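Student: Dropping a structure here in structure tokens format, bear with me for questions.
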Amino acid sequence: MTSDDKTVRVISWRAARIGLQSIAAVGFLSAFVLAQNAPAYVDPQIEAALSQISAGQVQSNIEKLVSFQTRSTISAQDPGSISAGKGIGAAREWIKSEFERYSRDCGGCLEVKADSFIQPVGERIPSPVEITNVYAVLRGTNPEDAKRIVLVTGHYDSRISDPLDQSGVAPGANDDGSGTAVSLECARVLSRLKFPGTIIFLAVAGEEQALYGSEHFAQFAKSQGWQIEAVLNNDIVGGDRSPGQDPKVVRVFSESIPEGASEAQLRMIRALGGENDSASRELARYIVQTSRIYRTEVAPLIEFRRDRYLRGGDHISFNEAGFAAVRLTEFQENYNHQHQNVRTENGTEYGDLPKFVDFDYVANVARVNAAALASLAAAPAPPGDVRLRTKDLENDSTVLWEAPADGRAAGYEVLWRATAAPDWEHAQSVGKVLQATVPVSKDNVIFAVQAVDEAGHRSLAVVPSPEQ
Ligand SMILES: [Zn+2]
């Protein structure tokens, strides 16, 4: 099978016109839509930032992380070990110093922070241990939009065969030096730009012990009322150079039914066929769109599944806190190269070593991330209270919404697709209106609305609720 066969087909913004090319606006606040796809907008600043992402920088970051010998969450973090450059404490201090270096280069534009807590004894925690997440905040420039946060994360802890091993060599180059390197590299290049919205670059620990770091961070964000619009979790994005790998795609996993959906929400999802339209899934579609717009070399391969079969990762902590979150992972994992003691047995090499990582691939995955993060941080807030009119039985469909509070929407687009289609097939600009009527039956399609700013940055798409 070629990678094209495996990639979910997505019709581009320009493609799939369905006839008439004009819209007839019906008053200022309403539009009657006759299907026209809106052109994509390539932001030259975002394009330039993507070109600054460097495979060499990614490689030196991963090699540096490996140099700490182990980044087990329960490894050393005393001052002596930190100054000797060994253990998770040294790794944490180095990540922090990198964020601080990027911040100095942009005139102090990043707020570099640590989120530390004591994790009590558990199955993989033999004695209480301090776990520290490190993050950098690129605060948005527009006061209203700055409340909106997009976040990229990877876990900097590592492990070998025995998750309780505190000192054995645990290089974790791919799992998850690669994801940590993506957070760092996105911070390095995007901190040179200014965005209306806020971007957080995060590196968590405790993942291999039971997602402790991400759980703490996500629950903290929830308790603070942070408005996190999107979480991109990169875990095992090293593009392991083994037979069967496809270096042209990165899998993007997203949940179907939102974790924590209420009984009423579940009833609505069942009634409307909403199983494929969680906020996390709209985020996955958004990542596909931005990768197409910026022509990234690695293409997102949408997986309609929360994570790999029966497995999990840090994005689930964010889903559980009610946030839209997806996981990016290489196409095919090599299990000899993760969670293994470094060794050779019968000629087979085991261990998560840098030599198995494809640094160009990691850089390309960083570009997929940066394109989505920058586009979201540049975009206006999504439209509010999106509804689909249902009071009369009719074959046209009318969608209504509220203008987002940031006042930056210069117009809106109504999206729709056949119920069986994986991604949006039509995107119709309707201008600066608050409702639009489409000559398509709501029985046969799924609708969404997104806001567009003056330049052409698009918000996340919001699926309507029925207006009853
Ligand atoms: Zn991992």
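The values are calculated or read from the model by the stated rules, or taken from the named source; none is laboratory data. Remember, predicted model here, so these are calculated numbers, not experimental data. Cβ coordinates were reconstructed from backbone atoms using ideal geometry, including for glycine residues, and neighbour counts include every protein chain displayed. These area figures cover heavy atoms from the full protein model, side chains too; ligands, DNA and RNA do not enter into them. Shrake-Rupley method; radii C 1.70, N 1.55, O 1.52, S 1.80 Å.
Student: Please determine whether any residue of the stretch 28-45 is hydroxyl-bearing (Ser, Thr, Tyr) and either at pLDDT 75 or above or surrounded by 20 or more Cβ atoms within 10 Å (Cβ to Cβ) (or both).
Tutor: If we filter the stretch 28-45 for residues that are hydroxyl-bearing (Ser, Thr, Tyr), which is where we start, we get 30, 41.
If we keep only those that are either at pLDDT 75 or above or surrounded by 20 or more Cβ atoms within 10 Å (Cβ to Cβ) (or both) as well, we get 41.
Yes, the conditions are met somewhere in the stretch 28-45.
Student: Restricting to the stretch 113-141, count the residues that are open to solvent by 40 Å² or more (accessible area, probe 1.4 Å) and over 20 Å from the mean Cα position of the chain (by Cα).
Tutor: If we filter the stretch 113-141 for residues that are open to solvent by 40 Å² or more (accessible area, probe 1.4 Å), which is where we start, we get 113-114, 116, 118, 120-121, 123-124, 126-128, 130, 139, 141.
The next check asks that each one be over 20 Å from the mean Cα position of the chain (by Cα); those that pass are 113-114, 116, 118, 120-121, 123-124, 126-128, 130, 141.
The number of residues fulfilling the criteria is 13.
Student: If you check 165, 157, which single one turns out to be open to solvent by 20 Å² or more (accessible area, probe 1.4 Å), assigned to a loop (DSSP other than H, G, I, E, B) and either away from the ligand (no atom under 15 Å from the Cβ) or under 18 Å from residue 71 (Cα atoms) (or both)? Give the steps one after another, and end with the answer.
Tutor: Working: 157 fails: open to solvent by 20 Å² or more (accessible area, probe 1.4 Å).
Of the residues listed, the single one that is open to solvent by 20 Å² or more (accessible area, probe 1.4 Å), assigned to a loop (DSSP other than H, G, I, E, B) and either away from the ligand (no atom under 15 Å from the Cβ) or under 18 Å from residue 71 (Cα atoms) (or both) is 165.
Student: OK, next. Taking the options 179, 172, 122, name whichever one is touching a strand residue (DSSP E or B) at 6+ places or on another chain (Cβ under 7 Å) and modelled with pLDDT of 95 or more. Outline the logic, then answer.
Tutor: Working: 172 fails: touching a strand residue (DSSP E or B) at 6+ places or on another chain (Cβ under 7 Å); 122 fails: touching a strand residue (DSSP E or B) at 6+ places or on another chain (Cβ under 7 Å).
It is 179.
Student: Run down 126, 120 and say which single residue is within 26 Å of residue 338 (Cβ to Cβ), away from the ligand (no atom under 16 Å from the Cβ) and out of contact with any Lys or Arg (no Cβ under 9 Å at 6 or more places or on another chain). Spell out the reasoning first.
Tutor: Numbers: 120 fails: within 26 Å of residue 338 (Cβ to Cβ).
Of 126, 120, the one residue that is within 26 Å of residue 338 (Cβ to Cβ), away from the ligand (no atom under 16 Å from the Cβ) and out of contact with any Lys or Arg (no Cβ under 9 Å at 6 or more places or on another chain) is 126.
Student: Related question: Only one residue in 379, 366 is closer than 16 Å to residue 453 by Cβ and surrounded by 19 or more Cβ atoms within 10 Å (Cβ to Cβ). Which one?
Tutor: Among 379, 366, only 379 is closer than 16 Å to residue 453 by Cβ and surrounded by 19 or more Cβ atoms within 10 Å (Cβ to Cβ).
Student: In the stretch 65-87, which residues are under 19 Å from residue 183 (Cβ atoms), touching a residue at least 60 places away in the same chain (Cβ under 8 Å) and open to solvent by 10 Å² or more (accessible area, probe 1.4 Å)? It would help to see each step written out before you state the result.
Tutor: Just the residues of the stretch 65-87 that are under 19 Å from residue 183 (Cβ atoms), to begin with: 65-68, 71, 73.
Now drop any that are not touching a residue at least 60 places away in the same chain (Cβ under 8 Å), which leaves 65-66, 71, 73.
Selection gives 66 alone.
Student: One residue is enough: does the stretch 186-203 have a residue meeting the conditions crowded, with 17+ Cβ neighbours inside 10 Å and within 16 Å of the ligand (Cβ to nearest atom)?
Tutor: Yes, the conditions are met somewhere in the stretch 186-203.
Student: Kindly provide the set of residues from the stretch 88-107 that are more than 22 Å from residue 66 (Cα to Cα) and either open to solvent by 50 Å² or more (accessible area, probe 1.4 Å) or in a helix (DSSP H, G or I) (or both), ordered by number. Give the derivation first.
Tutor: Going through the stretch 88-107, the residues more than 22 Å from residue 66 (Cα to Cα) turn out to be 103-107.
Result: 103, 104, 105, 107.
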